[in-house]
Amino acid sequence: MADAEFPQCRIVTERLLKPETVEKILNKLAVIPGIRRIVINGPSIPQKVPYGPARGLDNPHSGKATIRVGETDVDLKVQVGTFLLELETRDIVSQVEEACKEVFTNFSFSIKEGKFMRSTPTQVDYAKYGPNANEIMLGLVDPKNKTGPTLLQGNR
Amino acid sequence: MAYTPQYGPGQSVVAENRRKQMNPNVKLEKMRNVTDEDIVLILGHRAPGQAYPTAHPPLAEQGEPDCPIRKIVTPTDGAKAGDRVRYIQFADSVYNAPSQPYQRTYTEAYRYRGIDPGTLSGRQIVECRERDLEKISADLINTNLFDPATIGIRGATVHGHSLRLAEDGMMFDMLQRCVLEGGTVKYVKDQIGTPLDKKVDVGKPMDAAWLKANTTMFHSLVGTSYRSDAEYIEYIKRIHSLRTKYGFMPVE
């Protein structure tokens, strides 16, 4: 079971973000010490056209970009509109909010404390990771997805 | 006394816009000039300049049976020529798009002949004979029924009407059929997502004030709230009450 004691927060922006803005905010968040995990959420952008007569054709899309967070490349597969953060202590929320204010200047955003990530394994998690799942993986990536989470180099 | 249709209840600007769109005596405002060739490209049913493929011989050659209904109803140009039935489908953002699925179906049913509209929650499709479709599509795209940013022409994979807009004001489209370039919206794929050889310019996105003044959708956060229209509320309450009581005793 994931440790439910860590505080979590959710950032929701008024607009769905461009990859450049996502890169900007993630780089601001990456240097804040004490963020354990970040999940980025939004509507999916498929590699290929999924339905209809054009099914199977390549799907060029400006939202499907590779951004650089710290020293690591991150492939975006969604158009980001929500960030879930797991923090070590609650006092970091104000720093996160400050970072958001610097980046989200043209539209509003909301930041909310609560519990947003899964803490118990689902059936699909169980099928993928077995009974001794690494708790940090739960709720972080879609268990059916072949690619895992991106690890950012720690800053302490 | 002759019956004058009212088209719909309400005192708000949204209600007024709905009536204006439905009423065939009100001329739709021409806002942009997308050429016929460009419309054919976006539709993706035939190549521009190609002859219309047919589903049956022209009615004049076919030898029609002696039928009183056929004498009353004049066939449309497309039906006369035996064109195939083809479609155009729209997805309208909830953020003050100028039209929306139910509204589109009412509008088209009042204004055009020989069509088969299909209404869904997030998209609306209209089917008709190919050459009629191109004429109707030109109306639907070139007039105040359309906004390049908040309305998408999407044959398949329509998801996006209820999502937040992107930073540049465009509605989410997982196939990104249109892009905002230099202030105007350009279609880079046809309605089903096949890349186009040339970009089709459909004009500038309308500004937020125009959208708010011309939308046919209620939205309590970015537009006119439904609750602010007392007449609409009264109407819906009446319909609700009549429908609830109907099975018991359909009298007021």
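Mind checking the dipole of segment A:45-156: about its Cα centre, +1 per Lys or Arg Cβ, -1 per Asp or Glu Cβ, Debye to the nearest 20? Numbers along the way, then the final one.
Numbers: 14 positive and 14 negative charges, 110 e Å.
For this selection, approximately 520 debye.
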On the formula 1/(1 + (r/R0)^6), with r taken between the Cβ atoms of A:Glu5 and B:Thr194 and R0 of 45 Å, the FRET efficiency rounded to 0.05 is 0.30
Taking max minus min of the Cα coordinates of segment B:13-245 on each principal axis, largest first, gives extents in Å of 57, 53, 29
Residues meeting the amide H criterion for B:Leu120 (H placed from the backbone, H to H distance under 5 Å, 5 or more places apart or on another chain) are B:Ile125
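So if I place +1 on the C-beta of Lys and Arg and -1 on the C-beta of Asp and Glu, and nothing else carries charge, what would the dipole magnitude of segment B:13-245 be about its Cα centre? I want it in debye, nearest 20. Could you put the intermediate results ahead of the total?
Values: 33 positive and 30 negative charges, 143 e Å.
For this selection, approximately 680 debye.
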The ³J(HN,Hα) series, computed from each phi in segment A:138-143 with the Karplus coefficients 6.51, -1.76 and 1.60 at θ = phi - 60°, rounded to the nearest Hz and given as x for glycine or proline, is 5, x, 8, 10, 5, x
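What's the extension gain from B:Tyr3 to B:Leu120 if we count 0.36 nm per residue and subtract their Cα-Cα distance?
Numbers: separation 117, 0.36 × 117 = 42.12 nm, distance 3.04 nm.
That works out to 39.1 nm of additional length.
Please compute the Kirkwood hydrodynamic radius of the protein assembly as shown from all pairs of different C-alpha atoms, in Å with one decimal.
24.7
Set the Förster distance to 25 Å, then compute FRET efficiency between A:Leu57 and B:Thr35 from the Cβ-Cβ distance, nearest 0.05.
Working: r = 26 Å, r/R0 = 1.03.
Efficiency for this residue pair is about 0.45.
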Most exposed to least, judged by fewest other Cβ atoms within 10 Å, B:Tyr235, B:Tyr112 sort to B:Tyr235, B:Tyr112
Contour minus Cα-Cα span, B:Asp168 to B:Ala209, at 0.36 nm per residue, comes to 13.2 nm
Which of A:Lys101/B:Lys186; A:Lys101/B:Lys198; B:Lys71/B:Lys135 exceed 29 Å between C-alpha atoms? The answer is A:Lys101/B:Lys186; A:Lys101/B:Lys198
Computed over segment A:14-104, the relative contact order (Cα-Cα under 8 Å, seq sep at least six) in percent reads 41
Hull surface over four for the Cα convex hull of segment B:172-225, reported in nm², is 4.8
Taking a crude spin-label model, label points 7 Å out from Cα along the C-beta direction, the B:Gln11 to A:Thr72 distance in nm is 5.9
Gyration tensor on Cα atoms of segment B:1-64, a ≥ b ≥ c root eigenvalues, a/c under 1.5 rounded, else prolate if a/b beats b/c, else oblate, says oblate
Between the alpha carbon centres of segment A:80-128 and segment B:62-139 the gap in Å comes to 47
Which of B:Gly49, B:Gly183, B:Gly78 fluctuates most in a GNM of chain B (C-alpha springs under 10 Å)? That residue is B:Gly49
Segment A:34-156, convex hull of Cα, quarter of hull surface, nm² -> 10.3
Of the residues A:Thr147, B:Pro205, B:Val126, the Cα lying farthest along the dipole of the protein assembly as shown towards its positive end, which is defined by charges on the beta carbon of Lys, Arg, Asp and Glu, belongs to B:Val126
The ³J(HN,Hα) series, computed from each phi in segment B:185-201 with the Karplus coefficients 6.51, -1.76 and 1.60 at θ = phi - 60°, rounded to the nearest Hz and given as x for glycine or proline, is 8, 10, 7, 10, 9, 7, 5, 9, x, 7, x, 8, 5, 10, 6, 9, 7
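No value in this document is a laboratory result; all are computed from the given coordinates. Computed from a prediction, not measured in an experiment: that's the story for all the values here. Quick reminder, even Gly has a Cβ in these numbers, built from the backbone with ideal geometry, and neighbours come from all protein chains shown.
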